[in-house]
Structures are given as structure tokens and as C-alpha cells.
Amino acid sequence: MLGVTGAVESARRIRAAHLHDWREAVKKGVVTEAEGDQLAAAQDAVSKVIEVDDFAPEALSPIYKKPADVHQFFQELGETRAAS
């Protein structure tokens, strides 16, 4: 395992070679396979950390939960207005 320092050095060499993809850097010999694997693992870890879940408002707070009769009231109100 290369560690953080190794990954930073590998990333610097990739940038210095004006490359943006670690796979291309491995193909061109800028970094080794092991360094490429380390960079891939780091990239996956970052993706998992910044991945954002999407929740419905009612799943986050009880103030968004409305009884079924409230929803029925607004549905009927909309139908009444549409009919007039």
C-alpha cells in the first residue's frame, strides 16, 4: 500500500504529465499499476463520501407528515375548482 503520501506524489506526476485520468497515466508509464490501484481506491472513497442521498421531506421531519384527510381535502378542492 502506498499511503496518502504516495497517492499525492502519484497525482502530482499525473498533473505534471498533463493527464487527467489515472488509467491513461498507467498506460503511458507515468505511474505504476500499484499507484493506479491506490488512486482508484482513493477516487472510490471520495465518491462514497460525497454521494448525497435524496430523501422526501416527510422522511426527514414529522412536521411534513399530513393525515390522509388533509390530502383528500386538497384533492377535492382542486377537483371542485376544475369543475367550476
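All of the numbers you see were taken from the coordinates with simple rules; none came from a lab. Bear in mind the structure is a predicted one, so any value in this text is a computation, not a measurement. All Cβ positions, glycine included, derive from the backbone under ideal geometry; neighbour counts span all protein chains shown.
Assuming R0 = 30 Å, what is the FRET efficiency of residue 9 and residue 53, from their Cβ-Cβ distance, to the nearest 0.05?
0.30
How do 26, 8, 49 rank when sorted from fewest to most other Cβ atoms within 10 Å of their own Cβ?
49, 8, 26
Return 47, 10 ranked ascending by Cβ neighbour count within 10 Å, so the fewest neighbours appear first.
In order of increasing Cβ crowding within 10 Å: 47, 10.
Under the 0.36 nm per residue contour assumption, what length would be gained going from the current alpha-carbon distance of residue 46 and residue 17 to full extension?
8.2 nm
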